[in-house]
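Take a look at the structure below.
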Amino acid sequence: MQQQEQQAPSHPGLFKVLRQGDSTSFSSKLVAERDFKKGETIADLTGLTPGPKRYSSVQISATEHVELNSDLLYLNHSCDPSTYLDITKRAIVALKDIKQGEELTFFYPSTEWDMAQVFDCWCGADKCVGKVNGARHTPTEVLEQFTLSEHIIQLIKERDSNQ
Ligand SMILES: C[S@@+](CC[C@H](N)C(=O)[O-])C[C@H]1O[C@@H](n2cnc3c(N)ncnc32)[C@H](O)[C@@H]1O
């Protein structure tokens, strides 16, 4: 899905898009509209549609990618993420207690093996990985610090057994 222009919020009361910059700066973000407890399901992932790998897609298996078709498009990457995408349960889940107004983020290599759009991370976390290009390009000891999707765990095993 392309950048959304002033559409009705997809998840009112849960999170909203904070639009900033222009469409080429990719600087908009998603913020919580209420508090969430660690482990809480923030929302189910519904309305997913299959498609090619793109900057906006999420990988759901070794070979499949989907578009989120909601404000979740604006979920940025962080190396100290506040959420993870539980691909098995099709849900976005809080990784820590989140306060209203805080940004919702996830660790992109937790779902993405080899990303379509590589970028230098702006998160500033102590353990920031720097260049974000997908789990394929990230050392196993770094990935092991994060909550990862089953398909990424499997792909890491295959990579490491071939070395
Ligand atoms: C699906 S978009 C996320 C929403 C995006 N911020 C926007 O305004 O459209 C993914 C893109 O956002 C940017 N992005 C997300 N997280 C980032 C981060 N931690 N550091 C730098 N750029 C990031 C990158 O350009 C990435 O390819």
Q.
Between R19 and D97, what is 0.36 nm times their sequence separation minus the Cα-Cα distance? Round to one decimal in nm.
A. 25.7 nm
**Q.** Low-density loop cleavage sites - chymotrypsin sites (Phe, Trp or Tyr not before Pro) in region 35-115, where at most 13 other Cβ are within 10 Å (DSSP)
**A.** Y55
Q.
Connecting C-alpha atoms closer than 10 Å in a GNM of the chain, tell me which of S23, S82, S57 has the biggest fluctuation.
A. S23
Q | region 72-107: trypsin sites (Lys or Arg not before Pro) falling in loop per DSSP and having at most 12 other Cβ within 10 Å | A | K89, K99
(Q) Please compute the modelled spin-label separation between A8 and C128, points set 7 Å along Cα→Cβ, answer in nm with one decimal. (A) 3.9
Q) Can you work out ³J(HN,Hα) from phi for every residue in region 16-29, in order, using Karplus 6.51 cos²θ - 1.76 cosθ + 1.60 and θ = phi - 60°, giving whole Hz and x for Gly and Pro? A) 9, 7, 9, 7, 8, x, 9, 5, 8, 8, 6, 9, 6, 8
(Q) What's the magnitude of the charge dipole for region 15-162 around its Cα centre, counting Lys and Arg as +1 and Asp and Glu as -1 at the beta-carbon? Answer in Debye, nearest 20. (A) 140
Q. Using the beta-carbon distance between K89 and Q163 and R0 = 35 Å, what value does 1/(1 + (r/R0)^6) give for FRET efficiency, to the nearest 0.05?
A. 0.65
Q) Could you give the angle, 0 to 90 degrees to the nearest 10, between helix 150-161's Cα long axis and the longest principal axis of the Cα atoms of the chain? A) 20
Q | Cysteines without a disulfide-compatible neighbour (Cβ-Cβ under 4.7 Å), the chain | A | C121, C123
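Taken together, the values in this text are just the output of simple stated rules run on the coordinates, not laboratory data. A quick note: this is a predicted structure, and the numbers were derived from the prediction, not measured. No Cβ is skipped: glycine too gets one built from the backbone with ideal geometry, and neighbour counts run over all protein chains shown.
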